[in-house]
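Worksheet: one structure, shown below.
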Amino acid sequence: MLAIFHEAFAHPPEELNSPASYSGTKKPKVPQETLREFLSHYPHNTFSMNFGHAAVLAYVRPDQHISVHQRQFCGLDDIYCLFVGSLYNLCSLNKQYGLSKGTNEAMFVIEAYKTLRDRGPYPADQVVKDLDGTFAFVVYDSKVGSVFAALGSDGGVKLYWGIAADGSVGVCFIAKEV
């Protein structure tokens, strides 16, 4: 899974830029190169969605031969979620939030985000601390222009991020194989 938030949308502090990117032999890529490389690894299993000058979300469909971790991409009311992994307590979370039994992890995360956004002030860590499982997710709210990301504490999914040559922020999830 890959999320790229363009510089016009995301403004990372200058301190997050690595000094190595200015002096190293390997220069940072522009977002288009990163996306093209990501999509080329699984040319028949990928999907990407571009949000103009704000963001790009890219998704690799689940394939049992590649990973034991589920991957989900969904959207609702101009809110989009990339989710990798599993929530072990999804049934009780769906019940707590009044959602149907058929709600998957990505849809739950969108609903939890909407609760956080619409019924605040409710600290984000309050929602995340209730999540039990191996997971990582990024929620992009294209209407409000916000990003909400989290990573499970068990280390089953790794989240990597970096700053591209044009100042964009890239986030990538990699699930550890068991």
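Here, each number is a calculation from the coordinates, and none is a lab measurement. Quick caveat, the model's predicted, so the values are computed rather than measured. Cβ: placed from backbone, ideal geometry, glycine included. Neighbour counts: every protein chain shown.
Which ³J(HN,Hα) values, rounded to whole Hz and listed in residue order, are derived for the stretch 111-118 from phi using the Karplus coefficients 6.51, -1.76 and 1.60 in 6.51 cos²θ - 1.76 cosθ + 1.60 with θ = phi - 60°, glycine and proline given as x?
Using θ = phi - 60°, the values come out as 5, 5, 4, 4, 4, 4, 5, 8 Hz.
Search the structure for amide H atoms under 5 Å from the amide H of Cys74, placed 1.01 Å from N in the peptide plane, and list their residues when 5 or more places away or on another chain.
Cys81
Counting Lys +1, Arg +1, Asp -1, Glu -1, what net charge surrounds Leu2 among other residues with beta carbon under 14 Å of its beta carbon?
+3
With a cut-off of 8 Å between alpha carbons and a minimum separation of six or more residues, what is the relative contact order of the stretch 90-178 in percent?
Relative contact order here is 16 percent.
Taking a ≥ b ≥ c as the square roots of the eigenvalues of the Cα gyration tensor of the stretch 67-106, is the shape rounded (a/c under 1.5), prolate (a/b larger than b/c) or oblate?
oblate
So what is the orientation-averaged projected area of the stretch 98-159, using the convex hull of its C-alpha atoms, in nm²?
Averaged projected hull area, Cα only: 4.8 nm².
Quick one: Karplus J couplings for the stretch 99-108, per residue in order, coefficients 6.51, -1.76, 1.60, θ = phi - 60°, nearest Hz, x for Gly and Pro?
Each residue's phi maps through the Karplus curve to give 9, 6, 5, x, 5, 8, 4, 5, 5, 4 Hz.
Can you list which of the trypsin sites (Lys or Arg not before Pro) found in the stretch 71-178 are DSSP loop residues with at most 16 other C-beta atoms within 10 Å?
The qualifying sites are Lys101, Arg119, Lys143, Lys176.
Net charge around Glu105, counting only other residues with Cβ within less than 12 Å of its Cβ (Lys, Arg = +1; Asp, Glu = -1)?
Net charge around Glu105: -1.
Check which residues have an amide H placed less than 5 Å from Val157's amide H, if you skip close sequence neighbours.
Phe135, Lys176
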